[in-house]
Amino acid sequence: MKPMDLASHPDSAAYGHLQARSPLVRRLLARNPSPFTFTGTGTFVVGHGQVAVIDPGPDDPAHVRALIAALAGETVSHIVITHTHMDHSPAAPALKAATGAAIVGCAPLVLADDGPRADAGFDASYAPDRVLADGESVAGPGWTLTAVATPGHTSNHLCFALEQERALFTGDHVMGWSTTVVAPPDGDMAAYMASLEKLLARDDAIYHPTHGEPVTEPQRFVKHLLAHRRQRETQVLRAIGEGLVTIPQMVSAMYAQVDKRLHPAAGRSVLAHLIDLERRGRVARSGEAWMTTGES
């Protein structure tokens, strides 16, 4: 999670324009920049003529109009959803109404979320025509998208592999600008780590995250993310050993160089680490305080 002047980023000139990322992949950026969405939600178009749209974005009529205008003369056959946070799926009904495309992808999931992220609520309007299980595919002329189950950021999160380009659309599981928020109660650190290990075993040549730039060395990047999370776990245990036993105390020490506006979200990731450590018998809680158990 990195604060920056989003207005100065090159993407600020990309809103409303469908830009090519590869022979089969184009992206249209939604105008919803924030400390959690970076420059906005990247809506991807796969194929030409008959296309799939991945993560149509927030409930923003201007974004939907721009997408429909950019695809004039083409047919949208599938609207593909990685997960149902409010910056990813709410535009799906409007796009379906305009195109007749089927909504496919992750399972519905609606939970109350009292976290600090304005975009972290779940989309109650999401109604897929088909839920894709791990390994299931949809296809069109010259393209195939295969679901890769990657729970952790949310329990219903899917990535999608574009077989023809050895590309993976990673949603929020791997982002191109920041680490991923793993926020209980639905976010699960153990599941997130296992999903990263799952990606590490793949041979993808490039990742297309919904937020941020493409990841061109996927395996190296995933190894970095795994090492970062293990480092955070070590920091949590060290903080407890130093007497910092509440989450706000831990966040103040561990995220001292991070924009304080992001500290509440960082606290959710710290909680996810603590829950994982608790399940493994490494820590225990008493009220708001946490303590180590001596197990390793």
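Report whether or not Gly212 is on the phi > 0 side of the Ramachandran plot and either touching a residue at least 24 places away in the same chain (Cβ under 8 Å) or within 24 Å of the chain's Cα centre (by Cα) (or both).
Working: on the phi > 0 side of the Ramachandran plot: yes; either touching a residue at least 24 places away in the same chain (Cβ under 8 Å) or within 24 Å of the chain's Cα centre (by Cα) (or both): yes.
It is true that Gly212 is on the phi > 0 side of the Ramachandran plot and either touching a residue at least 24 places away in the same chain (Cβ under 8 Å) or within 24 Å of the chain's Cα centre (by Cα) (or both).
Filtering the range 30-83 to residues that are small (Gly, Ala, Ser), in contact (Cβ under 8 Å) with a residue 40 or more places away in the chain and in contact with a strand residue (DSSP E or B) (Cβ under 9 Å, 6 or more places away or on another chain) leaves Ala30, Gly40, Gly42, Gly47, Gly49, Ala52, Ala66, Ala70, Ser77.
Would you confirm, using the coordinates I've provided, whether Ala120 is modelled with pLDDT of 95 or more, in the same structural domain as Val182 (by TED's automatic domain parsing) and surrounded by 15 or more Cβ atoms within 10 Å (Cβ to Cβ)?
Values: modelled with pLDDT of 95 or more: no; in the same structural domain as Val182 (by TED's automatic domain parsing): yes; surrounded by 15 or more Cβ atoms within 10 Å (Cβ to Cβ): yes.
Criteria not met by Ala120.
Take the residues of the range 51-75 that are out of contact with any His (no Cβ under 9 Å at 6 or more places or on another chain) and more than 26 Å from Gly121 (Cβ to Cβ): which is surrounded by the most Cβ atoms within 10 Å (Cβ to Cβ)? Result: Leu71.
Is at least one residue of the range 173-180 hydroxyl-bearing (Ser, Thr, Tyr), closer than 21 Å to Arg21 by Cβ and not in a loop (DSSP other than H, G, I, E, B)? No.
Run down Gly176, Gly187 and say which single residue is surrounded by 18 or more Cβ atoms within 10 Å (Cβ to Cβ), farther than 23 Å from Asp276 by Cα and small (Gly, Ala, Ser). Full working, then the answer.
Working: Gly187 fails: farther than 23 Å from Asp276 by Cα.
Checking each option against the conditions leaves just Gly176.
Across the range 46-79, the number of residues qualifying as in contact with a Phe, Trp or Tyr (Cβ under 6 Å, 6 or more places away or on another chain) and part of a strand (DSSP E or B) comes to 2. If you go through the range 138-172 and keep only what is free of Cβ contacts under 8 Å to residues at least 60 places away in the same chain and assigned to a loop (DSSP other than H, G, I, E, B), you end up with Thr150, Pro151, Gly152, Ser155, Arg166. The residue of the range 8-26 that is modelled with the lowest pLDDT, among those that are part of a helix (DSSP H, G or I) and either of a type in the set (S, T, N, Q) or surrounded by fewer than 16 Cβ atoms within 10 Å (Cβ to Cβ) (or both), is Ser8. Looking at Ala97, Ala70, Ala107, Ala102, just one residue is at pLDDT 95 or above, touching a Lys or Arg at 6+ places or on another chain (Cβ under 9 Å), farther than 13 Å from Ala30 by Cβ and hydrophobic (A, V, I, L, M, F, W, C), and that residue is Ala102.
The values are calculated or read from the model by the stated rules, or taken from the named source; none is laboratory data. These numbers come from a predicted model, not from an experiment. Don't worry about glycine lacking a Cβ; one is built from the backbone with ideal geometry, like all the others, and counts go over all protein chains shown.
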